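Below is one structure; the comments refer to it alone.
Every number here is computed from the coordinates shown, using simple stated rules; none is lab data. Note that the coordinates shown come from a computational prediction; the quantities given were computed from them, not determined experimentally. Cβ placement follows ideal geometry from the backbone for every residue including glycine, while neighbour counts extend to all protein chains displayed.
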Amino acid sequence: LSSLSENELGVQDWIGIALSPMGGVAAWKEMMSRTAMNIEKRGEVHASALCYLGIGRVFEAVDVYRKQELYREALMLLRIRLWEDEDEEAGDVGHEKERVAGTNIFKDTSQESAEGLQLTAATKTLTDLQIQILTEWGQQLERRGSFEQACKCQLTLAAALRRKIQRN
């Protein structure tokens with residue numbers, strides 16, 4: 001494999017994913033997860049997010065976008081997921097907050113992020129992730145001097161915090 005170029009290695013990854021269901025669901029999910037990490041390292045953000053979404057790992061998919069400072073994409077993906085959760089709540093389906101067990105996906109969060117918002121993945125809800133992304137994006141916009149857009153981020157952040165308090 002070391003003699004293969006980046007593009008050929010990508011083909012090998014996709015072939016591995018295609019054949020991994022033969023080993024069962026657990027093997028397929030593990031292969032998808034490893035492939036997503038490799039693809040992310042190569043800078044193919046959208047392909048990596050798709051792999052994570054394929055195995056139902058929304059937090060990791062959103063975090064791929066967040067780490068690359070693609071806040072619009074991260075928020076859009078979160079927004080779609082939050083709407084689904086709110087629809088379940090409205091229908092009295094017995095909604096539980098979505099949680100991810102296992103590793104801390106936020107280990108390389110930048111130092112500029114609010115320390116109080118850096119939670120382990122095991123206790124982080126989708127709303128908490130939305131709050132973290134809005135905070136980081138607002139800070140980035142302020143540093144760039146885009147104060148009007150930063151204000152919009154802060155208003156959205158305030159609404160998200162209000163919803164979180166009302167739910168608790």
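Worth pointing out:
- Between segment 17-45 and segment 124-158, the Cα center-to-center distance that results, in Å: 32 Å
- Ranked packing of 11-18, 31-38, 131-138, most packed first, by mean Cβ within 10 Å: 131-138, 31-38, 11-18
- Computing FRET efficiency as 1/(1 + (r/R0)^6) for E142 and N168, where r is the C-beta to C-beta distance and R0 is 30 Å, gives about 0.60.
- In sequence order, segment 139-150 has phi-based couplings of 5, 5, 5, 5, 4, 7, x, 8, 5, 5, 5, 4 Hz under the Karplus curve 6.51 cos²θ - 1.76 cosθ + 1.60, θ = phi - 60°, and Gly or Pro positions carry x.
- Protection proxy ranking for 151-164, 57-70, using the average of other Cβ atoms within 10 Å per residue and placing the highest first: 57-70, 151-164.
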